[in-house]
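The values are calculated or read from the model by the stated rules, or taken from the named source; none is laboratory data. Given the structure is predicted, the values throughout are model-derived calculations rather than measurements. Here the Cβ positions follow ideal geometry from the backbone for every residue, glycine too, while neighbour counts run over all protein chains shown.
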């Protein structure tokens, strides 16, 4: 798995500095050894360069002074990400299609697809070239799975779910389960059948044990390049734009629409039927109960503009003291009024 | 799968208006085509009637004017829910009991039960008539599953869990796992064995990747008709009444008791050992740290009555400005006092 | 499964009081019958002693008066926990290694390991003595599993995950999935390969449907004796100390470090790259956005010291009224100033 530094320079399209060396792995500056490639992400970490034992470092031109072997980059973090790809081993240890899997005779699975034991593929399901289905995956009837898709163990696709190319779904995640819809009736709650479906576009990645519901009618939709973390919940008929980031434990309630490049930090909740504009960012643990304009930052529960929330939260810390000051003022003013009225009485 | 409108009128018990037509599917007013049945839920959407291409609409008598084919209803939303049932296809593509499943010889599984490949059914487990167990379901020893129950892929029932009739459990949900109980001891934390169980009554529905724990002693209980959404956590010894609604990512801590028809909105947390009265409703993201009277709405963390929280949250927005006003008052009053004392000195 | 009380006394090392009796089970004071062992945890429950039908009670010496059979303990709750162990039946109904499982020929699984149907064990994985792998468990390549480990149904260990001895993992939990790391680039978000791993020490217990990510580089680490509840999320490169308690639905973001004996109550969120000192405790639903000193209690979002938060939350309840008092003061002061200026004019 080793590469020479000059080979890495060539594959990453970066100028090399210093002598060539063999690189066996990747590590942060503090833990890297003489056979590791590391990186310098910013001025804050520059002092580590002196003590690091790294065999080579990806860094900006200005930090070259005194460094042995290096690759020069205008964006070291991005180029290190690309270097990592050359050292990462894909998960898994099998190829081919296991005879301990169940593949419905009326499904269409490309010969190049890897199917682990205990995979279930239903009727009229299609799985595209180069995809991998790990142990315990369930693909319901009429599902469409694109090319080079990876479904990790125990991922579930309910009927009619469609997935683009180059999608990754981490273990235990459920796609296309019923939305949560009931109508009150005389005897309790009548289930609203969920007859819509779920469509996931190219290059989406979804974390472990997440849940994305099918639409009641129509389609729940996740746009291309969007990244969704572990334990996220997305309700029925939600539409998520392209290149969004939904961090762990976020919940988006039914029929809400997120624009492109929206960021929702950890544990954020979005109420139902809202619209969030392009490029808006919502801080961790916020609760959003109204539609949000794009291009801005929001925070708090109920969420307001982030700068405003910072001022509010600062005020909270002064609240007990403000209460005392208010009481003191009232007392002082009452005293003053009493004094004035006494003086007036004396003057009369 | 098509139905004539007159047939639908008869099956739903609704008067038909206009000419008969063949209905192939269901859709909202905006997307419906000439072969779709749609519905008008309220005055707000009435303008859509004029432009909708729907073949027929379920609506109230008062909106009939100018409409072609229709079914007349006093509760269009509920009747549309019922119509949906006639068009919904149940999930799944197999029948019978797969020989790729493991069914313990000392279990009792009715002949009418559908058992997918890779299902595990343990010793002394019982599964009632017409139930369906999808791929990857685990039914522990001594479990009791009623009739017409659907357990979607990878649902897990730990030992001794009992489930009533007409229950639906969505993929990946875990029922009857150990409660979270430890006793501090000299060497750390001693596990409290969880020897109780979990009982789920008729017509309960539970979403994907939820977790409901068995009791430490006794029984964790979910009452009839209650609906639980994805990723909900219910702790040991919790008792949930009948016809409750627990929205996604709710957490209910150990030994708390919910009455009937309680609604907990998304991401609500209920602390342990609390009691929530019948018909109380808790707004999204609230944190409940005391018992709540029934029949009221609550909001906030810590939760208070919803109206009160609305006033508090409105005050938060004014807090930074209130701080300034308070400081201005203090300054003004101090100034006034100085002036008065100077005047007094002059007068003396 | 019955035991005589004298046998229990001997096994628990506790003095017996009253006559010997046969104990068949365990229950709380209110539900216990003549063949049950119960316990008295504190003065609050002492009145129940008179009406309880329990066959025997574990209690402190001072409550012996009037009690029939008893075991005398200085820590009844802990000794009852230990007694429960003698009555608890381990889950499961199979032994041996099922030929419906897939065990890679180049893995190393001890003969004493129980392997259920539909278990997958990958290349170069090791499973130690006396461990049990329930149905649907996936053990990726190069995993190390210690002795007496229990992996409940559908638990997933991604490649290279290592687990100590006496670890319990509840159903559906995912260990060692990719961390959530992306680098912005011209075309969207570039996946940062996650080439690190996950290490879990002895006597850790992890609840159902939780997710713990592998490190980007290096190791995500869970210290010995730590207990993690259902639906908890732990990000890449997090380090959790020994004997911590992480209650349900907690989320800990990437690279944060928890000391020893840290308690995070339900639904707490910890932002990334923070440090929490030994023995600090964070109350339910708190959001922590800065590092916390050990040995203290915190609450709120953003979290502050618990006592301070209690004062702040009390102030919230008075906020609407404070707003009115502030307005009243302003009005009163303005009026006073007008009066004084009028008086002054009169005097001139």
| remark: Taking the range A:52-74 and the residues there that are out of contact with any helix residue (DSSP H, G or I) (no Cβ under 6 Å at 6 or more places or on another chain) and within 19 Å of residue C:217 (Cα to Cα), the one that is surrounded by the fewest Cβ atoms within 10 Å (Cβ to Cβ) would be A:53
| task | Being in a loop (DSSP other than H, G, I, E, B) and at the interface with chain C (Cβ under 8 Å from one of its Cβ atoms) is the filter here, so list the residues in the range B:195-215 that pass it. | result | B:195, B:209, B:210
| query | Any residue at all in the range B:2-12 that is assigned to a helix (DSSP H, G or I) and within 14 Å of chain A (Cβ to nearest Cβ)? | reply | yes
| the range C:217-236: number of residues that are part of a loop (DSSP other than H, G, I, E, B), more than 8 Å from every other protein chain (Cβ to nearest Cβ) and crowded, with 24+ Cβ neighbours inside 10 Å | 3
| query | Across the range C:116-139, which residue is nearest to the chain's Cα centre (by Cα) among those that are part of a strand (DSSP E or B) and within 9 Å of chain A (Cβ to nearest Cβ)? | reply | C:138
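Rundown of residues vs (1) surrounded by fewer than 24 Cβ atoms within 10 Å (Cβ to Cβ); (2) touching a strand residue (DSSP E or B) at 6+ places or on another chain (Cβ under 8 Å); (3) over 30 Å from residue C:99 (Cβ atoms), yes/no style:
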site: C:133; (1), (2), (3): no, yes, no
site: C:137; (1), (2), (3): no, yes, no
site: C:141; (1), (2), (3): yes, no, no
site: C:155; (1), (2), (3): no, yes, no
site: C:175; (1), (2), (3): no, yes, no
site: C:185; (1), (2), (3): yes, no, yes
site: C:192; (1), (2), (3): yes, yes, yes
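Checking the condition in contact with a helix residue (DSSP H, G or I) (Cβ under 6 Å, 6 or more places away or on another chain) and buried (at least 23 other Cβ atoms within 10 Å of the Cβ), which residue from C:299, C:246, C:258 passes?
C:299
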| query | Which residue out of A:340, A:335 is out of contact with any helix residue (DSSP H, G or I) (no Cβ under 7 Å at 6 or more places or on another chain) and more than 10 Å from chain C (Cβ to nearest Cβ)? | reply | A:335
| Hits in the range B:80-94 - residues which are at pLDDT 95 or above and either touching a helix residue (DSSP H, G or I) at 6+ places or on another chain (Cβ under 9 Å) or on the phi > 0 side of the Ramachandran plot (or both) | B:92
| said: If I filter the range A:88-108 for residues that are without any contact (Cβ under 8 Å) to a residue 24 or more places away in the chain and crowded, with 24+ Cβ neighbours inside 10 Å, do I get at least one hit? | reply: no
| message | Looking at residue B:202 and the list (1) closer than 29 Å to residue C:37 by Cα; (2) surrounded by fewer than 20 Cβ atoms within 10 Å (Cβ to Cβ); (3) touching a residue at least 40 places away in the same chain (Cβ under 8 Å), which single condition is not satisfied? | response | (1)
| task | Being more than 7 Å from every other protein chain (Cβ to nearest Cβ) and more than 16 Å from residue C:122 (Cβ to Cβ) is the filter here, so list the residues in the range C:153-185 that pass it. | result | C:164, C:165, C:166, C:167, C:168, C:169, C:173, C:179, C:181, C:184
| field | Count - residues of the range B:30-51 that are touching a helix residue (DSSP H, G or I) at 6+ places or on another chain (Cβ under 7 Å), crowded, with 19+ Cβ neighbours inside 10 Å and in a loop (DSSP other than H, G, I, E, B) | value | 1
| request: Inspect all residues belonging to the range A:262-269 and state whether any of them is closer than 26 Å to residue C:302 by Cα, outside any loop (DSSP other than H, G, I, E, B) and facing chain C (nearest Cβ under 10 Å). | output: no
| said: Would you confirm whether or not the range C:307-323 contains a residue that is part of a loop (DSSP other than H, G, I, E, B) and more than 10 Å from chain B (Cβ to nearest Cβ)? | reply: no
| field | Meets criteria (buried (at least 20 other Cβ atoms within 10 Å of the Cβ) and either touching a strand residue (DSSP E or B) at 6+ places or on another chain (Cβ under 7 Å) or facing chain C (nearest Cβ under 10 Å) (or both)) for residue B:291 | value | no
